[in-house]
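Readers should treat all values here as calculations from the given coordinates under stated rules, not as data from a laboratory. What you see is a predicted model, and the numbers here were worked out from it, not measured in a lab. Because the Cβ atoms are built from the backbone with ideal geometry, glycine has one as well, and the counts that use them run over all protein chains shown.
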Amino acid sequence: MILLCGQSQSLTLEDAENFRAFDIQIAEHGPADPMENEGFAGMAEPAEEPGHYWIDAEKVVGLSAHADDPVWKGKFHDMLKAVEKYGYSDLSKGVIKAHVKE
């Protein structure tokens, strides 16, 4: 999955069927820093490592065209569970950690 940050509030979830990866990508003509994107800033906060962010998982679901699909949501939750042991999600806080893909 790719959280694509464009100008101003433009924020979309791309490749939503890919449950093996979750990255942030800046669109062409997008902001230099994803926190300059109002939509992104409203759902994320910087993580400890530079270029990484903690993102509200439910808001990611809301960006998906599959937000009302219980099967898709189950797979998304399974992805969060699988990466928690590596420090890339925190189920108790409902967040997923991602980095800005170059």
Simple Cβ-charge dipole of region 2-99, Lys/Arg +1 and Asp/Glu -1, about Cα centre, in debye nearest 20
360 debye
Enumerate the calculated ³J(HN,Hα) couplings along region 43-49 in order (Karplus 6.51 cos²θ - 1.76 cosθ + 1.60, θ = phi - 60°), each rounded to whole Hz, writing x wherever the residue is Gly or Pro.
10, 9, 9, x, 8, 5, 7
So what is the relative contact order of the chain, in percent, for Cα pairs below 8 Å that sit 6 or more residues apart?
27 percent
Go through 10-23, 30-43 and give me the packing order, highest mean Cβ count within 10 Å leading.
30-43, 10-23
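Which value in deg cm²/dmol, rounded to the nearest 500, describes the helix-derived mean residue ellipticity at 222 nm for the chain, given -39,500 (n - 2.57) per DSSP H run of n ≥ 4 and division by the residue count?
Counting only the DSSP helices, I get -7000 deg cm²/dmol.
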Nearest 10 degrees is fine. How inclined is helix 70-84 to the longest principal axis of the chain, computing both from alpha carbons?
80 degrees
Just the Cα atoms of the chain, one point each, no solvent: what log10 I(q)/I(0) does Debye give at q = 0.13, 0.22, 0.23 Å⁻¹?
-0.41, -1.20, -1.31
Packing-based order for 79-92, 48-61, using average beta carbon neighbours within 10 Å, highest first:
48-61, 79-92
Tally of Lys pairs whose C-alpha atoms are under 16 Å apart, taken over the chain, 8 or more apart or cross-chain:
9
